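Okay, so here's the structure we're looking at.
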Amino acid sequence: MAQVVGFIGLGIMGRPMAKNLLKAGYPLVVHSRSQGPVQELVGAGAKAASSPRDVAAQSDVVITMLPNSPDVELVALGKDGLIEGVKRGQLFADMSTISPLVSQTVGQALSAKGVRMLDAPVSGGEKGAIDAALSIMVGGEKADFDAALPVFQALGKTITHLGPLGAGGFTKLANQIIVAVNLTALGEALTLARKAGLDRALTLKALGGGLAGSKCLEQKTANYVAGTYNPGFKIDLHFKDLGLIMESSRALGVPLPTTAVVQELFNAMRVKGKGGLDHSGVITLLEELAGVSEQS
């Protein structure tokens, strides 16, 4: 019989990921702060749990997909948290993007209960989650990675073991530098093109066929052409990631001058009340600075 998977955090990414586990035949136990997604998953065949503790008590493998480090700490180690319901030998994979140092702290606490932990953040956005095509960056013991691999294969296409616990998180932070800078560069390029009177769809087609082409350009083309930026990954969440990146860069002694500028642009978006837009929406700030509207 397939392992029972517990899944905590049914947001933009977590909900389609949980659905893909059901499609792959895993018995699923779910918990989330919002009850709408819980009921949707229950309707698809999952079982609802009342708390993270309840999830741990009913599962062989537990996955979390949560917004930030404090959320993971609370779910894992807080009152009615995983630590109160886990069993020796259980496997816990945190697929959130959080501080790698927090991952190591949580892993150490759970290790005292005999629980094996992986940090396994993902990249690919909402589309990658829906299509089960995520890139999954995993840190932890190799034997634990091997044990979790069938579960990860229901969620992603590129699954890489990168080293000890925390290695997945550091890799994801590197990924988020590239994505944030790329989206900002796209925003600048497309704003320049628009002010020069160029057609946006044709510009994107031309750029995508050359060295400037990227996954970011490919996945966000529909946003740029429509001028609408409904979130696949929110500015607020990427700004959080940029904070983790700069914190890590200072701890490691790595200057990140370009990332620092991009962080301030994302901060400006939040100050303007646009933190709920997709991260490709940083273009709207650049258009405003250039005196270009979406309709022009």
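The values are calculated or read from the model by the stated rules, or taken from the named source; none is laboratory data. Values in this document were obtained by computation on a predicted structure and should not be read as measured data. Note that we place each Cβ from the backbone using ideal geometry, even for glycine, and neighbour counts take in every protein chain shown. Remember, those area values only see protein heavy atoms, side chains included, never the ligands or the DNA or RNA. Shrake-Rupley method; radii C 1.70, N 1.55, O 1.52, S 1.80 Å.
Quick notes on this one:
- Probe 1.4 Å, accessible area per residue of the chain, Å²: 44
- Dipole orientation for the chain: of the candidates Ser111, Ile178, Val225, Val225 has the Cα lying most toward the positive pole (charges on Cβ; Lys, Arg +1; Asp, Glu -1).
- Distance from the Cα centroid of the stretch 191-208 to that of the stretch 35-109 is 44 Å (rounded to whole angstrom).
- Unsatisfied cross-links (Cα-Cα over 27 Å) in the set Lys172/Lys215; Lys87/Lys234; Lys19/Lys205: Lys87/Lys234; Lys19/Lys205
- Every helix of 4 or more DSSP H residues in the chain counts as -39500 (n - 2.57), and over all residues that averages to -16500 deg cm²/dmol at 222 nm.
- Accessible area of the chain belonging to carbon and sulfur atoms, whole % at 1.4 Å probe: 57
- Sorting 201-214, 84-97 by average packing, meaning the other beta carbons within 10 Å per residue, from highest down gives 84-97, 201-214.
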